[in-house]
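In what follows, a single structure is set out as structure tokens and then discussed.
The values are calculated or read from the model by the stated rules, or taken from the named source; none is laboratory data. These numbers come from a predicted model, not from an experiment. Glycine also receives a Cβ, built like all others from the backbone with ideal geometry; neighbour counts cover every protein chain displayed. Ligands, DNA and RNA are excluded from the accessible area calculation, which covers all protein heavy atoms including side chains. Shrake-Rupley method; radii C 1.70, N 1.55, O 1.52, S 1.80 Å.
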Amino acid sequence: MRATPFSPCARLTLLHANTHVKAALSALARRLRNDFQLSIISVFGAIGVLAILPFSLLRFAQGNWLAGGNDLLVALLITGAALYAWRSGKLERAGTLIAVCNVAGSLAVEVLLAKTGLYWLYVAMLANFFIVNRTTAVILALTGITLAQLIPGVFENPVQRASVITTQLLVALFAYLFAARTASQHQMLEALATLDPLTGARNRRALEQELGIALASATRHARPPALLLFDLDHFKQINDRFGHDVGDQVLREFVTLIRSHTRASDRLFRYGGEEFVLLLLENTDSAGVQALFAKLQAQVHAHLRAHTLPVTVSAGAALLRPGETREQWFARADAAL
């Protein structure tokens, strides 16, 4: 019996579906690569299913309904928090929920199964230093260690109790030091990846990320964000006449000048060469953008010099329009420049 071939319409539908699936998977992978905390929360969501859930099923099979129910509840809460992080983007809240579940679940297992819960508390303390800030992780660790001592029937003698307390405190200390070192290195790598080494302004990679955030959040604000593109006039002549060291100094002073006359919420990026982008995220309208440019242009003309030669600047601006892509938005600002 011969198989019935797909119609051209069906093949086209399957092709579109396959394309959408690949695009969705690619977007998920990119989001995980770019967001360390989300990736850690996702790992714990998977752990909730793959590691804790089997213990719940085992204890149900053994007839221990309380312990099995506790494990099942912890697994569901951790998995639910991970899904919440993906859908809402509120990583701090989701991470805190997982961290509290880790400690509370370990203590509950200790109540139900005595010493077994102590082992889970070590894992909980280590995990929490990766998914919440260090202060919260320390508070939860000390809370867990303290409450674990109040559960009757766990320790056979004072020596055993002292040994457990000492090892738990050491685990918390080493986890804190490792988390602090990791956070410091992450900040250094992030600075290298997102800052222009010459001027200290954000770089083009950071601009792409910020534009994406601005587009995603634009619908939640009454006033749209705005882009200002700056171009230092005749900058090549400065390099040719005075040398690149003077040109570099002009770029650094320009960044300092712009930052000193803009808000903390505004973002300045070096787009390339002598071109810069100022992203205005809050309380922006056309009149405000024009007034800001007039002020910045006056400050640059009054204070920026290459030796004794005044430096001037040109700019183009565009407010984000509803439904506009980042390419269209940027192109309008560039055309205005």
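Summary of computed values
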quantity	calculated
Cα-based helix-to-principal-axis angle, 116-131 vs the chain, degrees rounded to 10	0 degrees
Sparse-neighbourhood loop sites, GluC sites (Glu not before Pro) in the range 154-232 - DSSP loop, at most 16 other Cβ within 10 angstrom	E156
Cα-based shape type of the range 44-169, given that a ≥ b ≥ c are square roots of the gyration tensor eigenvalues and the cut on a/c is 1.5	oblate
Shape metrics for the range 215-273, restricted to C-alpha atoms - Rg then Dmax, Å	15.4, 49
Most mobile of I98, I145, I165 in a GNM of the chain (Cα contacts under 10 Å)	I165
With Cα atoms, 0 to 90° folded angle of helix 158-194 axis to the chain main axis	20 degrees
Kirkwood hydrodynamic radius over Cα pairs of the chain, then Stokes diffusion coefficient at 10 °C and 1.306 mPa s, in µm²/s	64 µm²/s
Solvent-accessible area, 1.4 Å probe, carbon plus sulfur percent, for the range 212-337	51 percent
Span from the the range 93-107 Cα centroid across to the the range 143-188 one, whole angstrom	16 Å
Dipole of the chain, positive end: most advanced residue of V277, S88, S314 [Cβ charges, Cα centre]	S88
Unit charges on C-beta of K, R, D, E only; dipole of the range 226-268, Debye	200 debye
Under Karplus coefficients 6.51, -1.76 and 1.60, residue-wise ³J(HN,Hα) of the range 132-149 in Hz, glycine/proline x	10, 5, 5, 4, 4, 5, 5, 4, 5, 5, 5, 5, x, 4, 5, 5, 4, 6
Accessible area of the chain divided out per residue, in Å², using a probe of 1.4 angstrom	58 Å²
Rg(Cα) / (2.2 N^0.38 Å) computed for the range 202-337, rounded to two decimals	1.06
Pairwise centroid distance, computed over Cα atoms, of the range 222-253 with the range 255-283, Å	12 Å
Computed [θ] at 222 nm, helices only, for the chain once each DSSP H run of length n ≥ 4 contributes -39500 (n - 2.57)	-23000 deg cm²/dmol
Long-range tail of P(r) for the range 81-153 (Cα pairs > 18 Å, %)	38 percent
Full-stretch length increase - K236, L189 - with 0.36 nm per residue and alpha-carbon distance subtracted	13.7 nm
Charge dipole (the chain, unit charges on Cβ, about Cα centre) - positive-most of F55, A335, A226	F55
Rh by Kirkwood over Cα pairs, then Stokes-Einstein D for the range 251-312 at 1.002 mPa s and 20 °C, µm²/s	172 µm²/s
For the range 131-188, average projected area of the Cα convex hull in nm²	4.2 nm²
Relative pair counts by distance (%), Cα atoms of the range 180-242, 10 Å bins	16, 29, 30, 19, 5
